[in-house]
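Okay, structure first, notes after.
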Amino acid sequence: MGIARPRGTNDFLPSETAKWQVIEAMLRQICYEFGYGEIRTPIFEETELFARGVGSTTDIVQKEMYTFTDQGERSLTLRPENTAGVVRAYIENKLAAQTQPVKLFYIGPMFRYERPQAGRFRQFHQFGIELFGSSSPFADAEVIGLAWEFYNRLGVRGLELHINSVGCPACRPAYRASLQDFLRPRFNELCDSCKSRFEKNPLRILDCKSPVCKEICQGAPAMAENLCEECAGHFEAVKIALDAAGIPYQIDHNLVRGLDYYTKTAFEILAAGIGAQSAVCGGGRYDGLAEELGAPPTPAVGFALGMERIFTVLAAQGEDIEVEDTLDVFIATTPGNSGVNEAAFALNMELRRAGIRSEQDLLGRSMKAQFKYADKTGARYVIVIGEEELASGQAQLRDMQDSSQSLLSLKEIRKYLLER
Ligand code: HAM
């Protein structure tokens, strides 16, 4: 065995990338309908961006970043997510000066040094959107609505939309303290990660997967019930907007996202039956992030969804993406004859120029083997060019659907196919 791909990464072959193209086309169409334009940012950024943006106490920053020093002694990191990068680009390109709101989407690879398992990779792909410049609850609802619309169009069944509010700097400190008071008597029973979260980020304890921590958290005060007036009103308005559009949701008091930048709305879409990695999508509002990165306060909300997880969910539900990849025309040539291949090549190029999907034999195969190949590709027509026919400027056109065959001039064949 030679060199293998790095652990937690994938090679996607044409049969799979064709399906990715279908999904990406759907996402681009939805973004077009919702008014989002594509942004492409670098795959690596200054490490500082993620430390400040995602949060220095998060698992992502503490354990999962691919950080390296380049030849110029700069500390760079392969992006573990793209919200921080998009906010950086929003600030750097002065998008605040453009007509508001600014609505952006992205599709691309992200990198996290996680323990690989079903649905969890070290290089994975996200589609995400970020909406800047609006603090309206309808902006939150639009972002959630876009994600919901996508999975509905895809026909995924049994998805659950979980929402919560994680408050803001005005109401979170008091809640944080009351959560610590609630947990303190059983501090010693918490798992090691949660012990270290207790001071740094106690809200994260609420979504710990350890059964003991889960049990300890039962009956804990809920953030959504301890919000300041503004956050409470905002959360209420988001729910009313979702109700109005018939988007079903569940309030999940333990939903605390693994990134530090969220304020007010946090949400995830979960799929049953795909194992531990059931979150297909996650996002929320992050009104403080731009300021954290040195810009004036900028309200913002967005989400990202895992592209690989789309396929995991579809497979679990016995669904697949239909890809149209049959050949229109195969040009068979009698092997070894002078002039025949050249005529086939000239015709082939002409058909392709007209948008017809066509191929000719490139392996010097027998006529029988060429027909077998044409069959395999699902070619609708086979053109047979032989030396004798060619001498009179003709070829056989075989319709593979009804097996009819006619001897026509190359000109007539061209005309016939172009009219189809
Ligand atoms: P996140 O929850 O870390 O949020 O990731 C979003 C989605 O990416 C997850 O729900 C999951 O489907 C997918 N995902 C995450 N890690 C992996 C992995 N290792 N392998 C496969 N799929 C994965 C964010 O990244 C935020 N930037 C979302 C956001 C945008 N919030 C506001 N705007």
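The values are calculated or read from the model by the stated rules, or taken from the named source; none is laboratory data. Quick caveat, the model's predicted, so the values are computed rather than measured. All Cβ positions, even for glycine, are placed from backbone atoms using ideal geometry, and neighbour counts span all protein chains on display.
Quick check on the stretch 157-174. Is at least one of its residues within 14 Å of the ligand (Cβ to nearest atom), in a loop (DSSP other than H, G, I, E, B), more than 21 Å from Asn254 (Cβ to Cβ) and modelled with pLDDT under 95? For the stretch 157-174, residues within 14 Å of the ligand (Cβ to nearest atom), in a loop (DSSP other than H, G, I, E, B), more than 21 Å from Asn254 (Cβ to Cβ) and modelled with pLDDT under 95: absent. Restricting attention to the stretch 322-337, does a residue exist that is within 15 Å of the ligand (Cβ to nearest atom) and not polar (S, T, N, Q)? There is no residue in the stretch 322-337 that is within 15 Å of the ligand (Cβ to nearest atom) and not polar (S, T, N, Q). I want to confirm something. Restricting to the stretch 100-126 and keeping residues that are more than 9 Å from the ligand (Cβ to nearest atom) and within 24 Å of Thr265 (Cβ to Cβ), which single residue is nearest to the chain's Cα centre (by Cα)? Restricting to residues being more than 9 Å from the ligand (Cβ to nearest atom) and within 24 Å of Thr265 (Cβ to Cβ), the top hit is Ile107.
Select from the stretch 244-301 the residues that are closer than 28 Å to Lys214 by Cβ and acidic (Asp, Glu) and write down the one among them that is farthest from the ligand (Cβ to nearest atom). Only one residue tops the list, namely Asp252. Could you go through the stretch 99-107 and let me know if any residue there is touching a residue at least 12 places away in the same chain (Cβ under 8 Å), farther than 23 Å from Ile144 by Cβ and surrounded by 15 or more Cβ atoms within 10 Å (Cβ to Cβ). Within the stretch 99-107 (the criterion being touching a residue at least 12 places away in the same chain (Cβ under 8 Å), farther than 23 Å from Ile144 by Cβ and surrounded by 15 or more Cβ atoms within 10 Å (Cβ to Cβ)), the answer is no, since none of the residues qualifies.
Of all the criteria given as (1) surrounded by 19 or more Cβ atoms within 10 Å (Cβ to Cβ); (2) of a type outside the set (A, V, I, L, M); (3) modelled with pLDDT under 95, the one not satisfied by Arg285 is (3).
In the condition set (1) under 30 Å from Gln394 (Cα atoms); (2) of a type outside the set (Gly, Ala, Ser); (3) part of a strand (DSSP E or B), Leu305 is compliant with all but (1).
Go through the stretch 88-98 and give me each residue that's of a type outside the set (Asp, Glu), assigned to a helix (DSSP H, G or I) and out of contact with any Leu (no Cβ under 7 Å at 6 or more places or on another chain).
Listed by number, the residues that qualify are Ala89, Tyr90, Leu95, Ala96, Ala97.
Tell me whether the stretch 312-325 contains one or more residues that are surrounded by fewer than 16 Cβ atoms within 10 Å (Cβ to Cβ), more than 25 Å from the chain's Cα centre (by Cα) and in contact (Cβ under 8 Å) with a residue 12 or more places away in the chain. No, that holds for no residue. Considering every residue within the stretch 210-218, establish whether at least one is more than 27 Å from Ala300 (Cα to Cα), basic (Lys, Arg) and without any contact (Cβ under 8 Å) to a residue 12 or more places away in the chain. Yes; the residues of the stretch 210-218 include at least one that is more than 27 Å from Ala300 (Cα to Cα), basic (Lys, Arg) and without any contact (Cβ under 8 Å) to a residue 12 or more places away in the chain.
Are any of the residues in the stretch 34-44 within 14 Å of the ligand (Cβ to nearest atom) and over 30 Å from Gly155 (Cα atoms)? Yes: one or more hits.
Scan Glu419, Glu387, Glu359 and give me the residue that is within 46 Å of the chain's Cα centre (by Cα), under 17 Å from Ala346 (Cβ atoms) and acidic (Asp, Glu).
Unique residue meeting the criteria: Glu359.
When Tyr151 is tested against (1) within 14 Å of the chain's Cα centre (by Cα); (2) part of a strand (DSSP E or B); (3) not hydrophobic (A, V, I, L, M, F, W, C), exactly one condition is not met: (2). Among the residues making up the stretch 1-21, those that are under 15 Å from His125 (Cα atoms) and not small (Gly, Ala, Ser) are Thr9, Asn10, Asp11, Phe12, Glu16, Thr17, Lys19, Trp20, Gln21.
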